[in-house]
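Only one structure is covered here, and it is reproduced in the block below.
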Amino acid sequence: MPASTADPIRVTVLADSDTRWKWGALTARRIAPEARLDARLLRGRATPTERQLAEVGIPADSMREVTAAQFLAGTSRDTADVVVLSCVGGTVQAMLHGLARAWQGAPRRPVVVTGYVGVVYEKLADGLLLRAGADAVLANSAHDAQRFREVYGGVGADAGTVVETALPFLEGTPYEPSGDRPFTVVFAVQPSVPDSRKDRTYLLRRAVDHARFHPEREVLVKLRSKPGEHTTHIEEQPYQKLVSKLDPPKNLKLVYGHMGEVLDRTDLLVTVSSTAALESMHRGIPTAVLTDLGIREALGNHHFLGSGAYASWDQIDSGEVPRVHPEWARAQGIASGGDPFRTVRERVTELAAAPELPPLAPYYTTVTAPGYLPGVLARHGLDPKGEPLPGAATEPTESSALRRTVRDIARNSARAAYRQGVQRVAPVIRRWGQL
């Protein structure tokens, strides 16, 4: 961004979960390292808790929880030069329409950037078209950039908005074995993959067995969230509850914390398909993508075809250590060197300096998708024109400590009821449907 500007560049990040805050904030820092960073956390099921935000560890100049209507009312060129929409696809689409409505007729507007938090292995067309209309849609690798442009070109959307970058959290010191600690195996779990109790118990039991087979090793089960917290995906069967029945040995531990800090003491990362695998590979840490449950699109581990990282727990127990193929890693934007964010920095700098930008123009409209778009907008409190529905609070609210406490109690109660439905009622209903 221009160094001659008297005031710092202002970047507002809208995020709807802890993981998306991490991606959005780090992306903002890569685009404009000296920027003023304003966090707007979208109120909803996965709004990050204070513990989750502390674990991510990225400070902001201001941080506020908002509704969609409050975000739309409070975001303009008077408050931000760049807006990063770090949300699920439907939310991005709603915000694009809402911002287009809010900024209608304004002589200048912020530059709008969006993208994906990690590996894109499902709903490619759906997710991309929901993001179409932003000034820049970031692709995390050359592989993704090609796929994104093909999708946009195939429907007549603007493929020129696709910008190749990299995952912004691919950093950290290169791996070096250490004799000062035990050989450490980290099983990086995921909230939703696999989703069945049987499969999750199987994977956890194999990690426990590995700790028993190798008492000289330390086995860490890296958890994403504590019971009661939500992250990007719903966790129906928390590993914390499953492990208590497996009588784990003392050299197996459950750990939370920043993924980068856990990787600092990792000698072998094991996962089904977590983005943590890319972080690990980027550092040169041996990484195993599990095949025990098959290589399937539903698991997301098909993304690693050609990587050389596939292994089963049996092979890991016997001492095998996978090594990633350099050609595959380069295509995925891993350890590629250079400055993968230079192009987007240049793009955003040019757009931010322009005297005028065209109105935001999402691909979906009430003409092109009259049976789809209104439902997407309504779920976020917007009418088909992108206007907040009647009754939506648009002004920021300042809560007293007592009101915040009451609000938090109410939200926790609602989340507990939601978890009860997800973890107990829904599986029963699904079983009934299979009878």
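The values are calculated or read from the model by the stated rules, or taken from the named source; none is laboratory data. Predicted model, so just to flag it, every value in this text is computed and none were measured. Here Cβ is always computed from backbone atoms with ideal geometry, including for glycine, and neighbour counts include all displayed protein chains. Surface accessibility is based on the protein's heavy atoms, side chains included, excluding ligands, DNA and RNA. Shrake-Rupley method; radii C 1.70, N 1.55, O 1.52, S 1.80 Å.
Results, tabulated for the structure shown:
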| read-out | value |
| --- | --- |
| In the stretch 23-34, the residues that are in contact with a helix residue (DSSP H, G or I) (Cβ under 8 Å, 6 or more places away or on another chain) and open to solvent by less than 10 Å² (accessible area, probe 1.4 Å) | A25, I31, A32 |
| Condition broken by W313, with the remaining ones in (1) open to solvent by less than 70 Å² (accessible area, probe 1.4 Å); (2) of a type outside the set (D, E, K, R); (3) out of contact with any Asp or Glu (no Cβ under 8 Å at 6 or more places or on another chain) satisfied | (3) |
| Wholly enclosed helices (runs of 4 or more DSSP H) of the stretch 13-86 bearing at least 1 residues more than 30 Å from P390 (Cβ to Cβ) | 18-31, 50-56 |
| Single condition H97 does not satisfy, out of (1) open to solvent by less than 40 Å² (accessible area, probe 1.4 Å); (2) within 18 Å of the chain's Cα centre (by Cα) | (2) |
| Selection count, the stretch 252-296, where residues are in contact with a strand residue (DSSP E or B) (Cβ under 8 Å, 6 or more places away or on another chain) and buried (at least 18 other Cβ atoms within 10 Å of the Cβ) | 24 |
| Hits in the stretch 323-338 - residues which are within 13 Å of H143 (Cα to Cα) and in contact with a Ser or Thr (Cβ under 7 Å, 6 or more places away or on another chain) | W328, R330, A331, Q332, G333 |
| Some residue of the stretch 62-77 being farther than 20 Å from T365 by Cβ and modelled with pLDDT under 95 | no |
| Members of the stretch 58-93 that are within 15 Å of the chain's Cα centre (by Cα) and open to solvent by 30 Å² or more (accessible area, probe 1.4 Å) | V88 |
| Single match in E171, E164 (criterion: in contact (Cβ under 8 Å) with a residue 40 or more places away in the chain, touching a Lys or Arg at 6+ places or on another chain (Cβ under 9 Å) and either under 19 Å from S280 (Cα atoms) or not β-branched (V, I, T) (or both)) | E171 |
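Here's the yes/no breakdown for (1) modelled with pLDDT under 95; (2) aromatic (F, W, Y); (3) under 25 Å from E171 (Cβ atoms):
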position: A6; (1), (2), (3): yes, no, no
position: A39; (1), (2), (3): no, no, yes
position: Q93; (1), (2), (3): no, no, no
position: A100; (1), (2), (3): no, no, no
